[in-house]
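Notes follow once the structure below has been shown.
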Amino acid sequence: MAGFSSYFRVVMTDLKDKGFATRAVRAGQVRTPEGEHSEPIFPTSSFVFDSAEQAAARFGGDEPGNIYSRFSNPTVRTFEQRLASLEQGESCVATASGMSAILATFMGLCAAGDHIVSSRSVFGTTRVLFDKYLSKFGLQTDYVPLTDLTAWEAAIKPNTKALFLETPSNPLNEIADLAALSTLAKQHDCLLIVDNCFCTPALQLPLLFGADIVIHSATKYIDGQGRCVGGAVVGDAQRVGEDVFGFLRTAGPTMSAFNAWTFLKGLETLDLRMKAHSANANQLAHWLQQQKQVIQVFYAGLESHPGHQLAKQQQSDFGGIIAFEVEGGQKAAWKLINAAQFISITANLGDTKTTITHPATTTHGRLSVEARAESGISDGMIRLSVGLENVEDIQADIQRGLDLL
Ligand SMILES: *Cc1c(COP(=O)(O)O)cnc(C)c1O
């Protein structure tokens, strides 16, 4: 199997010296004899062999090549190689969703009796996965405040296998110190796993700060236009290329060729989009901060944000997600959301279209009241995923709601 994996999962080296935007447009492409300019989509479930001998060699791993699209498809492989190149990882495994990327990582790398320390400020469904499902198979998770290094260290046990976090966090934009947490993970012989969904590799490269594994929900900024659900795991050739890939190959939470193609097209504009999302969000966050109905704005681009300095060191920009709290709790928050003329009320984020949500009753609604309070999600909190419309129009749409409060 080693031959199989090294052929399919390791990044092509020919663009390594090129810049981010160049790799985002070109890495991983393998042109067929048809001479197509844009990457082809291969909607085929299986691949044909020249002979019975070749089939046996492929199945035995003695000869590299495609077998079956549960685990080898040229369009998916191009996406994997491109994303690995952007994150500067050796290997990437694409998955059916962000959640299945997290599932595949823990199924591939952990066993019953292992322990996980997770930031308490992770995507709501991730917590459900840890507490309701992985726990059934003997994987226990404890939660700590994202920015409290002492708490991370205190939570580590002899059987701790991984530290898991998102930075910036959803929706508060808290910033984790990746270098410090990676040092801590190494001291205790455990893995640092980072969900890089909010920044994408265009703004932050966790592997360069010592993280072992990067996880993506490609559904968000990698697609960038709200079309497909997908995910990915990036890291070294053994853990990702063999262990996580082995789980995917067996269990099959696979990305489809069509979705991989859509995400490839998304990656080509990722750099431009992340800069534009960040510019719009930065302007809106500063404006929101001055509104009398707004109690607090959570955006790391604001000098008043406790993670501002760290974000400046770790990220090339502050991203497109803003949380803010209005006076008047849930009632006021819902009123503002309902007043929007074009901003979409939808849970997706990372879209060209600005989206607005009420975390306490949607994305974080399945958490207990205590867990929600602990995570800092108040009833008056609103999350904006700032899109690429004209920023003055987005501002005017929010102003409509503020005027009613
Ligand atoms: C959306 C999201 C996920 C889950 O991804 P899906 O593609 O919806 O399965 C995981 N982590 C973060 C930070 C997310 O925003």
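On the stretch 137-261, 54 percent of the accessible area sits on carbon and sulfur atoms, based on a 1.4 Å probe. Only aspartates and glutamates eight or more places from LYS312 in sequence, or on another chain, were considered; those with a Cα closer than 14 Å are GLU174, ASP177, GLU303.
The phi-based Karplus calculation (6.51 cos²θ - 1.76 cosθ + 1.60; θ = phi - 60°) puts the 3J(HN,Hα) values of the stretch 193-199 at 10, 10, 7, 9, 4, 6, 8 Hz, whole numbers, x for Gly and Pro.
Which order do you get for GLU327, GLU53, GLU34 if you rank them by accessible area with a 1.4 Å probe, largest at the top? Could the numbers behind the result be given before it?
Working: GLU327 110, GLU53 135, GLU34 160 Å².
In descending accessible area the options line up as GLU34, GLU53, GLU327.
Length gained on full extension, SER135 to GLN238: 34.6 nm, using 0.36 nm per residue less the C-alpha separation. Spin-label model, LEU404/THR250: points 7 Å from Cα along the beta carbon direction are separated by 5.3 nm.
What is the calculated FRET efficiency for ASP50 to GLN395, with r their C-beta to C-beta distance and R₀ = 51 Å, to the nearest 0.05? That pair, ASP50 with GLN395, gives E of 0.25.
Under a 1.4 Å probe, what is the accessible area of the stretch 271-402 per residue, stated in Å²?
Details: 5680 Å² over 132 residues.
In whole numbers, the stretch 271-402 has 43 Å² accessible per residue.
Distance distribution P(r), the stretch 262-351, all Cα-Cα pairs, bin width 5 angstrom from 0: 3, 12, 18, 22, 20, 13, 9, 3, 1 percent.
What FRET efficiency would be calculated for the residue pair LEU272, HIS308, taking the C-beta separation as r and a Förster radius of 35 Å, to the nearest 0.05?
Calculated value: 0.90.
Would you mind telling me the share, in percent, of accessible area of the stretch 271-402 contributed by carbon and sulfur at probe 1.4 angstrom?
Working: 2840 of 5680 Å².
Result for the stretch 271-402: 50 percent of the exposed heavy-atom area is carbon or sulfur.
Full extension of the chain between ARG366 and ASN159 yields a length gain of 71.7 nm, computed as 0.36 nm times the residue separation minus the alpha carbon distance.
When you restrict to C-alpha pairs under 8 Å that are six or more residues apart and normalise by the size of the chain, the relative contact order lands at 17 percent.
Using only Cα atoms, what is the ratio of the radius of gyration of the chain to 2.2 N^0.38 Å?
Values: Rg = 21.4 Å, N = 405, 2.2 N^0.38 = 21.5 Å.
Computed over Cα atoms of the chain, the ratio equals 0.99.
Here the relative contact order of the stretch 217-367, from alpha carbon pairs under 8 Å that lie six or more residues apart, stands at 24 percent.
Run the helix sum for the chain: -39,500 (n - 2.57) per DSSP H stretch of 4+ residues, divided by residue count, reported at 222 nm to the nearest 500 deg cm²/dmol.
Details: 16 runs with 151 residues, N = 405.
It lands at -10500 deg cm²/dmol.
For the stretch 188-281, rounded, prolate or oblate, judged on the Cα gyration tensor with a ≥ b ≥ c (square roots of eigenvalues), a/c < 1.5 rounded, else prolate if a/b > b/c? Oblate.
The values are calculated or read from the model by the stated rules, or taken from the named source; none is laboratory data. Model, not experiment: these values are computed from the prediction. Counting neighbours? That spans all protein chains shown, and the Cβs are built from the backbone with ideal geometry, glycine included. Accessible surface is based on the protein model in full, side chains and every heavy atom, while ligands, DNA and RNA are left aside. Shrake-Rupley method; radii C 1.70, N 1.55, O 1.52, S 1.80 Å.
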